[in-house]
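Trainee: Just dropping this structure here.
The values are calculated or read from the model by the stated rules, or taken from the named source; none is laboratory data. The structure presented is a predicted model; accordingly, all values stated were derived computationally and were not measured. A quick note on method: Cβ atoms are made from the backbone with ideal geometry, for glycine too, and the neighbour counts reach across all protein chains shown. Side chains are part of the model used for accessible areas, which takes the heavy atoms of the whole protein and leaves out ligands, DNA and RNA. Shrake-Rupley method; radii C 1.70, N 1.55, O 1.52, S 1.80 Å.
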Amino acid sequence: MRNKFLPFSPPLIEDDEINEVIHTLRSDWITTGPKVKQFEKEFADFTGAPSALAVSSATDALQLSLAAFDVGAGDEVITTTFTFCSTIHVIEHIGAKPVLVDIEEKTLTIHPDMVIQKINKKTKAIIPVHIYGHPCRMDELTDIARKYSLILIEDAAHALPSYHNGRLIGSPIKGIRWASCFSFYATKNITTAEGGMITGEESFIDKARIWSLHGMSKDAWKRYSGSGSWHYEVVVPGFKCNMTDIQASIGIHQLKKLLKFQKRRREIAEMYNSAFANIPELELPHVRTDCEHSWHIYAIRLNLNMLSINRDQFIDELLKRNIGASVHFIPNHIQPYYRNKYGYKPEDFPVAWREYFRLISLPIYPRMSNDDVNDVIEAVLDIVNKHKR
Ligand SMILES: Cc1ncc(COP(=O)(O)O)c(C=O)c1O
């Protein structure tokens, strides 16, 4: 057994990020400035998007996107119960109504047929969540958005880099209004400690940029620099969620390493897949053949009828063996706020409700050595062997 605790998901920060932050701190320009511009440009180039806007989190990216697409009071936005709570909170924040739907059993992504069932005259947008880094059925969702003139805002917090049918998530979606929202939270595939990015068409990103800085007219961030002007106009009641140059200093170097990080995540996923392939007590992640997974989260599902312990006890057993684990996510319709406001019952979304009790996210991150991965494998197999029914 390991004698040192293996954390669930620590970041990988090296000297180049640290030196860039120091350079920024010494530069006299620490908030939104040239490094944010560089990060935005390099991110847009990486995804192939016409434009990108760096912000303080994916939560803000989602909220800004809704605001910049003029979604608000009286509108409905369809998303899934099986996501992090902030995907849904932002719809509440802008005064629209979140309309939740269930997920597909295998990939745990939003079910396009269920989306169709919820569309009515008030529906304005869909927020598909590429959960764990597995892309939703974007072709079908794009057809639905086109047919009903809806906006598609991708929650791509986990999906860097993920591909569906050859399309890198974050690149343009033809024929509809779209935006993609990424997270650089500390556990994400690349980090800026806290941070996020929106990709979209140029005119949309220009509008979102104004919403991100108090609703102040173009280039307000420059107003204290030599090339800026003190004068500004407030054109919308905007938010305050611009990214700082300190955060972008980290992001610029993390982005350069993304494909290297990704290769390591894939190797770890393959090690888990082959070690657990013939263990009937475990169900492994499903990846549709038209998708490439970002492996942000590697979640196994327990076949509970073959085990004498439940999911929570399984996680306790992992902890006893010094392995960190987690659960993604508690379905939001059972959270008190949403349950009380909308009167949801657990069985309203039977797939999310049932699968939630079987899920365990195992550690997966570039800093893990092969020995770390083997320790996780050994611990999981040991628990299964000791608690077979
Ligand atoms: C699916 C999903 N959406 C949105 C977010 C929000 O990201 P952030 O912490 O950058 O606001 C998260 C965060 O973990 C997430 O998992």
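Trainee: Taking the options Ala248, Ala220, name whichever one is modelled with pLDDT of 80 or more, at negative phi and surrounded by 20 or more Cβ atoms within 10 Å (Cβ to Cβ).
Mentor: Ala248
Trainee: For the stretch 1-116, list the helices (runs of 4 or more DSSP H) that sit wholly inside it and hold at least 2 residues that are surrounded by fewer than 14 Cβ atoms within 10 Å (Cβ to Cβ); which are they?
Mentor: Passing ranges, in order: 15-25, 34-47.
Trainee: Inside the stretch 156-188, can you point out the residues that are touching a helix residue (DSSP H, G or I) at 6+ places or on another chain (Cβ under 6 Å), within 14 Å of the ligand (Cβ to nearest atom) and open to solvent by 10 Å² or more (accessible area, probe 1.4 Å)?
Mentor: Passing the criteria: Ala157, His158, Ser183.
Trainee: All but one of (1) modelled with pLDDT of 95 or more; (2) outside the structural domain of His93 (by TED's automatic domain parsing); (3) more than 22 Å from Ser86 (Cβ to Cβ) hold for Phe8, so report the exception by its number.
Mentor: Every listed condition holds for Phe8 apart from (3).
Trainee: Kindly provide the set of residues from the stretch 18-30 that are modelled with pLDDT of 95 or more and either not acidic (Asp, Glu) or not assigned by TED's automatic domain parsing to the domain that holds Ile190 (or both), ordered by number.
Mentor: The answer is Ile18, Asn19, Val21, Ile22, His23, Thr24, Leu25, Arg26, Ser27, Ile30.
Trainee: Somewhere in the stretch 199-208, is a residue assigned to a helix (DSSP H, G or I), within 16 Å of the ligand (Cβ to nearest atom) and surrounded by 21 or more Cβ atoms within 10 Å (Cβ to Cβ)?
Mentor: Yes, that holds for at least one residue.
Trainee: Give me the pairs, please: first residue somewhere in the stretch 353-368 and in the same structural domain as Ile190 (by TED's automatic domain parsing) and closer than 23 Å to Leu381 by Cβ, second residue anywhere and of a type outside the set (Ser, Thr, Tyr) and open to solvent by 10 Å² or more (accessible area, probe 1.4 Å), beta-carbon distance under 9 Å, and either six or more positions apart or on two chains.
Mentor: Listed pairs, sorted by first residue: none to list.
Trainee: Let me ask another. For the stretch 298-314, indicate whether the set of residues that are at negative phi and within 16 Å of the ligand (Cβ to nearest atom) is non-empty.
Mentor: Scanning the stretch 298-314, I find at least one residue that is at negative phi and within 16 Å of the ligand (Cβ to nearest atom), so the answer is yes.
Trainee: Right, next: Among the residues of the stretch 131-155, which ones are in contact with a helix residue (DSSP H, G or I) (Cβ under 6 Å, 6 or more places away or on another chain), away from the ligand (no atom under 13 Å from the Cβ) and assigned to a strand (DSSP E or B)?
Mentor: The one that is in contact with a helix residue (DSSP H, G or I) (Cβ under 6 Å, 6 or more places away or on another chain), away from the ligand (no atom under 13 Å from the Cβ) and assigned to a strand (DSSP E or B): Leu152.
Trainee: Here is a list of conditions, (1) open to solvent by 10 Å² or more (accessible area, probe 1.4 Å); (2) over 18 Å from the mean Cα position of the chain (by Cα); (3) within 23 Å of Cys85 (Cβ to Cβ), and Ile151 meets all of them except one; can you say which number that is?
Mentor: Failed condition: (1).
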